[in-house]
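**Student:** One structure follows; several queries about it will come next.
Derivation of every value follows stated rules applied to the coordinates shown; laboratory data play no part. None of the values given here were measured: they were computed from a predicted structure. Neighbour counts are summed over all protein chains in view; Cβ atoms, including those assigned to glycine, are modelled from backbone coordinates with ideal geometry.
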């Protein structure tokens, strides 16, 4: 994902936009439906934007709109990531659901193998005197959360 939208003066059409503040036309809600309830806090906004674009509509970022978003108040994931602590189970369950939903099981496998390869390279660089690996605690295991049942609804207590 490209997560940082370049700041521009004019409206842009990004692949997805954060739903921290979003307006959705009623006709699009009728056509596409609501957010997929199988996602919990993560990947629901890129999933919905992808569905909007597949239906032939546009996702628009309007820089004139202003909102104050008090990040991280609904869950601790951003702070945990900054501290390299283990992220909540639902982050990985939603990640798995997103890749399986939009790229199939093979796409999910490819995403996980690419992440694992990058992680192995980062660990090797660290052993050779480079900077600390960027992954959170147990992330190498956690990215495989729900791999065998990727479309399962998130269930509490999967954090092992």
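**Student:** Just want the ordering: 31, 10, from fewest to most Cβ atoms lying within 10 Å of their own Cβ.
**Tutor:** Lowest to highest Cβ neighbour count: 10, 31.
**Student:** Would you please classify the overall shape of segment 78-142 from the alpha carbon gyration tensor, given that a ≥ b ≥ c denote the square roots of the eigenvalues, rounded means a/c under 1.5, and beyond that prolate means a/b larger than b/c while oblate covers the rest?
**Tutor:** oblate
**Student:** Per residue and in cubic angstrom, what volume does the convex hull of the Cα atoms of segment 8-66 have?
**Tutor:** 88
**Student:** In nm, what is the difference between 0.36 nm times the number of residues separating residue 128 and residue 35 and their Cα-Cα distance?
**Tutor:** Answer, rounded to one decimal: 29.0 nm.
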